[in-house]
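Taking it in order: structure first as structure tokens, then the write-up.
What follows draws every value from the coordinates through simple rules; no lab data is involved. Nothing here was measured: the structure is a model prediction, and the numbers come from that model. Note that each Cβ is placed from the backbone with ideal geometry, even for glycine, and that neighbours are counted across all protein chains shown.
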Amino acid sequence: MTAIAVILASTRPGRRGEAVARWVLDQATTRDDATFELVDLAEHHLPAVDEPFPPALGRYTLDHTRAWAATVARFDGYVFVTPEYNHAMPGTLKNALDRVYAEWNSKSAGVVSYGVEGGIRAAEQLRLVLGALRVADVGPQVAFNVFTDFEGPDLRPSDRHAGALSAVLDDVVTWGSALAPLRSRSRG
């Protein structure tokens, strides 16, 4: 069965992303076409890239990089839950993406963003990086506005958000499955 990671990008204390990621996971686990797992970057303790070799070489020398590579490799696709910080994705997400290379290749990804304007600039920046990692990002997106979609720290998604997430998940699962032959070929 297709395995999809819901990657929670924010590591800030009191982050809104946890509520968003839980909502995504709650919606996703009602499906029977894939398995879904939360991957919280706050639990992976990845320092700034500290490997002596470029990630594209796959010569990981540090235990935390090897553990992260194994985590990323387990999945066929990803749903990134990212805030927008200063018109960009958080540094923790960029660092996690930059740490490994082949483990991301020929997989699918969707974006659920949040911020003052829905986190759309973070999502667009993320899409550029995913392209460089040979990840097929899907078109549908969920964007939460911190002023209209939250009540304090609590997420208040509307029906349109649930519909948008369904479209994201449909595409991530479909593309994650469709890209399987490319992943098999690159391993062989």
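Scan the chain and note any complete DSSP helix (H) whose C-alpha atoms cover at least 18 Å along its axis and whose Kyte-Doolittle average is 0.0 or more. Mind showing how you got there, number by number?
Details: long enough: 120-132 (19 Å, 0.70); 159-178 (29 Å, 0.26).
Within the chain the helices that satisfy the rule are 120-132, 159-178.
Tell me, Glu151, Glu84, Glu124 in order of fewest to most beta-carbon neighbours within 10 Å?
Working: Glu151 8, Glu84 24, Glu124 16.
Final ranking by Cβ density, sparse to dense: Glu151, Glu124, Glu84.
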### Task
Obtain the nm distance between the two label points defined at Arg185 and Ala70 by a simple spin-label model: each point lies 7 Å from its Cα along the Cα-to-C-beta direction.
3.0
### Summary
Note to self: C-alpha centroids of region 145-188 and region 47-72 sit apart, in Å, by 26
### Summary
Checking Tyr114, Tyr78, Tyr60 against a Gaussian network model of the chain (alpha-carbon springs below 10 Å), the top fluctuating residue turns out to be Tyr60
### Message
Between His87 and Thr174, what's the calculated FRET efficiency when r is the beta-carbon distance and R0 is 25 Å? Round to 0.05.
### Response
0.20
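Charges only on Cβ, +1 for Lys and Arg, -1 for Asp and Glu: so what's the dipole of the chain about the Cα centre, in debye to the nearest 20? Please list the in-between numbers first.
Numbers: 19 positive and 23 negative charges, 117 e Å.
Dipole about the Cα centre, nearest 20: 560 debye.
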### Query
Antiparallel DSSP bridges in the chain: what percent, to the nearest 5?
10
### Task
Set the Förster distance to 30 Å, then compute FRET efficiency between Leu62 and Ala167 from the Cβ-Cβ distance, nearest 0.05.
0.20
### Task
Return P(r) of region 24-134 (all Cα-Cα pairs; 5 Å bins starting at 0; whole %; ordered from short to long distances).
2, 11, 21, 23, 22, 14, 6, 2, 0
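How would you order 23-34, 66-77, 101-112 from highest to lowest mean count of nearby Cβ atoms within 10 Å? Each step should come with its number before you reach the end.
Numbers: 23-34: 15.8, 66-77: 18.2, 101-112: 23.0.
Ranking the peptides 23-34, 66-77, 101-112 by packing returns 101-112, 66-77, 23-34.
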## Note on the structure
Given (1) 180; (2) 107; (3) 115 as possible values of volume of the Cα convex hull per residue in Å³, the one from the coordinates is (2)
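Taking neighbour counts of Cβ atoms within 10 Å as a proxy for exposure, in what order, fewest first, do Ser166, Ser186 appear?
Values: Ser166 16, Ser186 11.
The order, fewest Cβ neighbours first, is Ser186, Ser166.
At a threshold of 8 angstrom on Cα-Cα distance, excluding pairs fewer than six apart, so keeping six or more, what relative contact order does the chain reach in percent? Write down the numbers at each step before the final one.
Working: 349 pairs, mean separation 43.6, N = 188.
Here the relative contact order equals 23 percent.
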### Task
Identify, among Ala96, Ala21, Val39, the residue whose Cα sits farthest towards the positive end of the charge dipole of the chain, taking +1 on the Cβ of Lys and Arg and -1 on the Cβ of Asp and Glu, with the dipole about the Cα centre.
Ala96
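Using a 10 Å cut-off on Cβ atoms, rank the peptides 152-160, 140-148 from the highest mean neighbour count down.
Working: 152-160: 11.4, 140-148: 17.8.
Ranking, from highest mean packing down: 140-148, 152-160.
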